[in-house]
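Peer 1: Dropping a structure here in structure tokens format, bear with me for questions.
The values are calculated or read from the model by the stated rules, or taken from the named source; none is laboratory data. Predicted model, so just to flag it, every value in this text is computed and none were measured. Methodologically, a virtual Cβ is constructed for each residue, glycine included, from the backbone with ideal geometry; neighbour enumeration extends over all protein chains shown. Heads up: the accessible areas ignore ligands, DNA and RNA and are worked out on the full protein's heavy atoms, side chains in. Shrake-Rupley method; radii C 1.70, N 1.55, O 1.52, S 1.80 Å.
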Amino acid sequence: MSRFAHPAGDRHAEVPHEERPPRPPADLNTLDPAVWPRTSGRTDGAVTIAGVDVRDLARDYGTPLYVVDEDDFRSRCRDYKAAFDGGHVYYAGKAFLCREVARWVDQEGLGLDVCSSGELAVALSVGFPPERIALHGNNKSYAELEAALRAGVGRVVVDSFDEIARVGYLAEKLDVRAQVQIRVTTGVEAHTHEFIATAHDDQKFGLSLNSGAAAEAVRRVLALPQLELVGLHSHIGSQIFDTAGFEVAARRLAMLLTQVKEEHGVVLPELDLGGGYGIAYVRGDDPPDIKVVADSLREIVARVCDDAGLPVPSLTVEPGRAIAGPAGVTLYEVGTIKDVEGLRSYVSVDGGMSDNLRTALYGAEYTCVLASRASDAPGVLSRVVGKHCESGDIVVRDAWLPEDLALGDLLALPATGAYCRSLANNYNYLPKPAVVAVRDGVSRVIVHRENEDDLLRGQV
Ligand SMILES: *Cc1c(COP(=O)(O)O)cnc(C)c1O
């Protein structure tokens, strides 16, 4: 047993309290159903997803590899659609978008949020119905707005006074009527990482409710006949577990709806509460059931509107992470393993911050398992790191991996379906990994692995 092994001595005693790593799970081979895709399991010791053995995936497609459980992704689309029956669900494409995913979202009948002309182009390239596309962003360019209006997108979520003027001008020029929502900053302090909280006043998104900017935006939109104001929009942040923030945001938006009715005699038909529904990344994460969240949001909006004598608007939500995140697993091959005396084992994998930036960017937490075989060896406190030239290039800060882990083994990280491929980069000229979809025992590439030609493309 190595000096880091569980349960030898107690390493916890040497580590300051807040730095204490999580306790090792009872069995290192177990796949926690809260964190793993709905179809995952082990066969002959190796992890399988949708009946496909990860060893076959690594052999056929190489590593690192993003694996998406298609049925898991689609079933979460359906869960949201059922939970918000009578309202609208837009999948937030920035969590993970490619042409095939756009097809799945279309087939499942959801709308799609895009926030650049690149994301819009992906959607339009597979015939995604433009009327079910919403364009977001705090700094949409003139060209992006024009592309969206020409395509006939169903929603432009305006985020500033300048943008209202631009959309008004463009709609007149193109002779179209643009349907807009106003992105309202409700002042809600969402309990999540600072960089993914988006409704407090001191940040770049939206028009403030508190300052009166949101009410002024309503005036300006209503004054432009080529714009149709269809509703108010709020997105309070991401990876949120506690529905209290949504409730406060809904209440505040309903107050503005009332004010709009009193001032303008206009009843807005839609309330969009954005995305941000949290998922389980590690043991103990316990996000609320989406049916419960949906019922409580509907109830709140209905009550607030009843109190104000307003008809109840239709409710729109925009989950990204909660649909794509749990469906994805990343496979890596284990390379160098170094024991750092008295601390932990450093396990290097063949990717890192180029395929998963979240740990470096937000201090995100993950778990991982030895995936190519089961092991009864005791657990070693490990840090899974990438191959990039940064010591912050950490994939899993604290992982318990079997002591017999060796070069060539496969590691699998669950809950990597959202904000991993979409934040991927070519740091150190690493090609971006392929994305493979698995379903009913069959795997297929939905995004090809980059190669050196891709890396050199565009250079003189
Ligand atoms: C990012 C974003 C979402 C999706 O957030 P998730 O946390 O992935 O659910 C939805 N709406 C807007 C406006 C966003 O910016």
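Peer 1: Students often check this: by mean Cβ neighbours within 10 Å, which of 220-227, 317-324, 144-151 ranks highest, and how do the rest follow?
Peer 2: 317-324, 144-151, 220-227
Peer 1: To the nearest 10 Å², what's Asp202's accessible area with a 1.4 Å probe?
Peer 2: Roll a 1.4 Å probe over it and Asp202 shows about 140 Å².
Peer 1: Taking the C-alpha atoms of the chain, how large are the radius of gyration and the largest Cα-Cα span, Dmax, in Å?
Peer 2: Taking only Cα atoms of the chain, I get Rg and Dmax of 23.6, 75 Å.
Peer 1: Under 8 Å for C-alpha pairs, at least 6 residues apart: give me the relative contact order for the chain, rounded to a whole percent.
Peer 2: On the way: 1006 pairs, mean separation 95.8, N = 460.
Answer for the chain is 21 percent.
Peer 1: Share of Cα-Cα pairs in the range 136-319 beyond 31 Å, in percent?
Peer 2: Cα-Cα pairs in the range 136-319 separated by more than 31 Å: 16 percent.
Peer 1: Taking the Cα-to-Cβ direction at Gln107 and at Arg38 and moving 7 Å from each Cα, how far apart do the two end points lie in nm?
Peer 2: So the label points at Gln107 and Arg38 sit 1.5 nm apart.
Peer 1: Name the residues of the range 133-169 whose amide N is less than 13 Å from a point 7 angstrom out from the Cα of Arg177 along the C-beta direction?
Peer 2: Output list for this probe position: empty.
Peer 1: Cα centroid distance between the range 315-351 and the range 151-183, in Å?
Peer 2: The range 315-351 and the range 151-183 have Cα centres spaced 40 Å from each other.
Peer 1: Order His448, His136 by their accessible area, 1.4 angstrom probe, all chains in place, largest first.
Peer 2: His448, His136
Peer 1: In terms of modelled amide H atoms, which long-range or inter-chain residues lie less than 5 Å from the amide H of Val436?
Peer 2: Tyr66, Val67, Val68, Ile446
Peer 1: Tell me, in nm to one decimal, what length is gained between Leu343 and Arg444 on full extension, where the rule is 0.36 nm per residue of separation less the Cα-Cα distance?
Peer 2: Taking Leu343 through Arg444 to full extension adds about 32.3 nm, to one decimal.
Peer 1: Amide H of Tyr366: which non-local residues (sequence gap of 5 or more, or other chain) have their own amide H closer than 5 Å, using H built in the peptide plane?
Peer 2: For Tyr366, whose amide H was placed from the backbone, the distant partners under 5 Å are Arg397, Asp398.
Peer 1: Using amide H atoms built 1.01 Å from N in the peptide plane, name the residues 5+ places from Ser208, or on other chains, whose amide H lies under 5 Å from its own.
Peer 2: When sequence neighbours closer than 5 places are left aside, the close amide H contacts are Thr185, Ala213, Ala214.
Peer 1: Right, something else. Write down Rg/Rh for the range 344-460, rounded to two decimals, with Rg from the C-alpha atoms and Rh from the Kirkwood relation over Cα pairs.
Peer 2: 0.99
Peer 1: If you filter the range 253-316 for trypsin sites (Lys or Arg not before Pro), then keep DSSP loop positions with at most 16 other Cβ within 10 Å, what is left?
Peer 2: Sparse-neighbourhood loop trypsin sites (Lys or Arg not before Pro): Arg283.
Peer 1: Still on this structure: Give me the number: length gained by fully extending Ala302 to Asn425, i.e. 0.36 nm times residue separation minus the C-alpha to C-alpha distance, one decimal in nm.
Peer 2: Gain on stretching Ala302 to Asn425: 39.9 nm.
Peer 1: For the range 122-167, calculate the relative contact order in percent as a whole number, restricting contacts to Cα pairs under 8 Å that are 6 or more residues apart.
Peer 2: 45 percent
Peer 1: Please give the contour-minus-distance gain from Thr30 to Glu228: 0.36 nm per residue of separation, less the Cα-Cα distance, rounded to one decimal in nm. Spell out each step's value before the answer.
Peer 2: Values: separation 198, 0.36 × 198 = 71.28 nm, distance 5.29 nm.
In short, 66.0 nm is gained.
Peer 1: Same structure, new question: Among Leu430, Ser372, Val105, whose Cα sits farthest toward the positive end of the charge dipole of the chain (+1 at Cβ of Lys/Arg, -1 at Cβ of Asp/Glu, about the Cα centre)?
Peer 2: Positive-most Cα among the choices belongs to Val105.
Peer 1: What figure, in Å² to the nearest 10, do you get for the accessible area of Asp307 with a 1.4 Å probe and non-protein molecules left out?
Peer 2: Approximately 130 Å² for this residue.
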